[in-house]
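Have a look at the structure below before the remarks.
The values are calculated or read from the model by the stated rules, or taken from the named source; none is laboratory data. Everything quoted here is computed from the prediction, not taken from an experiment. For neighbour counting, all protein chains shown are included, and Cβ atoms are generated from backbone atoms with ideal geometry for every residue, glycine included.
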Amino acid sequence: MSANSIWEYANPKKFIQTTDRVLPWISVLAVVSLVVGLIWGFFFTPDDYRQGSTVKIIYLHVPSALMAINAWLMMLVASLVWIVRRHHVSALAARAAAPVGAMMTVIALATGAIWGQPMWGTWWAWDPRLTSFLILFLFYLGYIALWEAIENDDTAADLTSILCLVGSVFALLSRYAVNFWNQGLHQGASLSLDKEENVADVFYYPLLVCIAGFVLLFIALVFLRTQTEIRARRMRALLARERMG
Amino acid sequence: MIALLIRDLRLAMRAGGGFGLGLAFFLIVVTLVPFGVGPQSELLARIASGILWLGALLACLLSLDRIFALDWEDGSLDLLATAPLPMEAVVSVKALAHWLTTGLPLVLSTPLFGLLLSLPQAGYGPLVLSLMLGTPALSVIGTFGAALTVGLKRGGLLLSLLVLPLYVPTLIFGAEMARRGAEGLTYSTPLLMLAGITCGTIALLPFASAAVLKVNLR
Amino acid sequence: MPDLGKYAEAVLSSYAVSIVLLLVLVWLSVRRAKRIKRQLQDVESKVKKHG
C-alpha cells in the first residue's frame, strides 16, 4: 500500500494527529466564509422583485438543506466503508455526522417555515419537499437513537450501518411516494448546472460562499466529533480492561 | 421451515397475544376516532379509509416486539441460528407468521370496521385489496425493526421510532389507493406502486434482517 | 442596516434562529470534545500507574 493512501487515516491515532493539524485551518476558513457569505448576502444584495427582502433567507436555507442531504450521503458512504473494510474511524465518523445532519435539517425546516409564513401564507404545508425533510429528520432521530441504545460499540456500528443502508432506500422511496401523494408549492432547485435555471448572479455568488462555509463547518464539526468518539471509545475500552484485570 | 411456522403460529395462539390483541386495538382506535373528530357521517366517510389504514398500521406495530422477544429470552433463537436453516429463511418465516396472526385478521375484519366509520360503498373493495397488498410489507419491514432491537431491554419505543419512518411509502400508496377507491377514482397507479413495494421488501429486506439478527446473536 | 421592508421580522428571525442553532451545535461539540479528552487523560494516567 502506498504511503499516502487514504486508508492510512483509518488508523485512529493517525486520524487524530492529522485532523488536529488541519482542524484549526478548516475552522478558521469555515468561520471566515460563513461571516463573509452571510454579511455579503444580508447587507449587500438587492431585494428580489417578487419576494422582497425574504430572499435573504436563501443564504441559510439552501446551504443547510444541501448539507442535510449530504450529511446523510456521507453517513451512507462511511457505513459502507465500515461494512466492507471494518475501519472503526469510518463507523465513528458516521456516528459523529448524524447529529450535525439532524441539526442542518432543523435549520432548513425552520428557515423554510419562517420564509413560508409571509410568502405562502402558512408556516407549514404538506408540500413534497417539506414532508420529505420531515421524514429525513425522523430517519436521523432513529439512527441516533439506535446508536445511543446499544452498549457494545461494534454491534452498534454494524446495526446502525445496516439501518443507514436500508433507511437510504426507504428515504428515497418516501421522496417519490410523497411527490406522488401531493403536488407541491415549493419552487424548483435553486442551483443547477444549467445556467438558465439558476437564481440570478447577484444572489448566486454570496450563496456559493455560504455553501462553502456550511461545507467547511460540517467538515470541521465531523472531524472534531469523530475525534471525540474515538477518544470515548478508547476510554470505554481502557475502563473495561481495568475492570477485568 | 413449515414446522417452524406451525410452532410460531401455535405459540401466538396460545399466548393469546398477537391474534386478539391487534384486533382489539384496531377496534378501540376505530371507536375513538368519532369521539375525536365528531359523529358527522360525511366527515367520517371522507377520512374512513385513512383511519382504517392508520389503525391497521398501528395495530401491526404494536405486536412487532413479540416477533423475536420470546425466542430471544428462552434461547431458541440461538438454536435457530445454528440450525441448518439459513437465517434469511427463519426471518421470512417469522414475518409470515406475524402477518398470518396480525395482518390477515386485520384485513379480514376491516369491512366490519368500515361500517362503523360509514365508509362509502365503492371503498370496500379497494380498501381490502390495498390492505391485503400492504400489510405483508408492514410485517416484513417490522421484522427488520424487531431484529434490530431484539437484544435491548426497553426496545419497544425505539422500535416504533425506527420502523415508523420505514412505513411511510407503504402507508402513502396504500392509503392513497383506498382513498381514490372510496372516491370512485381509478387507483391502478398506487396499486402497482404498492404491489411493487411489497414485492421489493419481501424479496430484499429478509437479507438485511438476517444480517442484523446475526450481529445481535454474535 | 439594510432596509428590510415589511418582511424584516421574517428575515431577522430566520437569521437569529439559524445562527443560534449553529452556535449551540458548535458549543455542544466543543464542550463534549474537551470533556472526553480530559477524562481520557485521567483514565490513561490511572491505567499507567496501575500497570
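Of everything in segment B:149-203, what is in contact (Cβ under 8 Å) with a residue 24 or more places away in the chain, assigned to a loop (DSSP other than H, G, I, E, B) and more than 23 Å from B:Thr110 (Cα to Cα)? Give them in sequence order. Those that are in contact (Cβ under 8 Å) with a residue 24 or more places away in the chain, assigned to a loop (DSSP other than H, G, I, E, B) and more than 23 Å from B:Thr110 (Cα to Cα): B:Thr149, B:Val150, B:Gly151. Note on segment A:61-104: residues that are under 21 Å from A:Gly41 (Cβ atoms) and of a type in the set (S, T, N, Q) total 2. Whether any residue in segment B:174-191 is within 21 Å of B:Leu62 (Cα to Cα) and surrounded by 22 or more Cβ atoms within 10 Å (Cβ to Cβ) is what I want to check. Yes - at least one qualifying residue is present in segment B:174-191.
Filtered by the rule that a residue be over 16 Å from C:Lys34 (Cβ atoms) and either out of contact with any His (no Cβ under 8 Å at 6 or more places or on another chain) or loosely packed, with under 13 Cβ neighbours inside 10 Å (or both), segment A:221-233 gives a lone residue, A:Val222.
Evaluate the following for A:Val100: is it buried (at least 20 other Cβ atoms within 10 Å of the Cβ), at pLDDT 90 or above, more than 17 Å from the chain's Cα centre (by Cα) and of a type in the set (Val, Ile, Thr)? No; evaluated as a whole, the condition is false for this residue. If you go through segment B:70-86 and pick out every residue that is under 20 Å from B:His98 (Cβ atoms), without any contact (Cβ under 8 Å) to a residue 24 or more places away in the chain and not hydrophobic (A, V, I, L, M, F, W, C), you end up with 4.
Residues that are at pLDDT 85 or above and either hydroxyl-bearing (Ser, Thr, Tyr) or not in a helix (DSSP H, G or I) (or both) within segment A:1-45 comprise A:Thr18, A:Thr19, A:Ser27, A:Ser33, listed in sequence order. Here is a check on your reading of the model: is A:Asp201 modelled with pLDDT under 80 and more than 11 Å from chain B (Cβ to nearest Cβ)? Yes: the conditions hold for A:Asp201. Is it fair to say B:Val140 is among the aliphatic types (A, V, I, L, M), under 29 Å from A:Pro128 (Cα atoms), surrounded by fewer than 24 Cβ atoms within 10 Å (Cβ to Cβ) and at pLDDT 90 or above? So B:Val140 does not fit the description; no. The set of residues from segment B:183-218 being under 29 Å from B:Trp72 (Cα atoms), of a type outside the set (A, V, I, L, M, F, W, C) and touching a Phe, Trp or Tyr at 6+ places or on another chain (Cβ under 7 Å) comprises just one member, B:Ser209.
A quick yes/no check of all residues on (1) in contact (Cβ under 8 Å) with a residue 40 or more places away in the chain; (2) in contact with a Ser or Thr (Cβ under 8 Å, 6 or more places away or on another chain); (3) within 14 Å of chain C (Cβ to nearest Cβ); (4) crowded, with 19+ Cβ neighbours inside 10 Å:
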residue	(1), (2), (3), (4)
A:Gln51	yes, no, yes, no
A:Arg85	yes, no, no, no
A:Ala94	yes, yes, no, yes
A:Thr111	yes, yes, yes, yes
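The helices (runs of 4 or more DSSP H) falling completely within segment B:54-132 that include 2 or more residues that are farther than 21 Å from B:Gly145 by Cβ and not charged (D, E, K, R) map to B:76-82, B:104-116.
Flag not set for B:Thr31, criterion: farther than 18 Å from B:Gly174 by Cα, at pLDDT below 85 and among the hydroxyl-bearing types (Ser, Thr, Tyr). The residues in segment A:53-72 that are more than 14 Å from chain C (Cβ to nearest Cβ) and without any contact (Cβ under 8 Å) to a residue 40 or more places away in the chain can be counted, and the count is 0.
Scanning segment A:113-155 for residues that are of a type in the set (Ser, Thr, Tyr), more than 10 Å from every other protein chain (Cβ to nearest Cβ) and within 21 Å of B:Ala146 (Cβ to Cβ) gives no hits.
For segment C:24-37, the criterion of being surrounded by 11 or more Cβ atoms within 10 Å (Cβ to Cβ) and under 14 Å from A:Ala110 (Cβ atoms) is satisfied by at least one residue.
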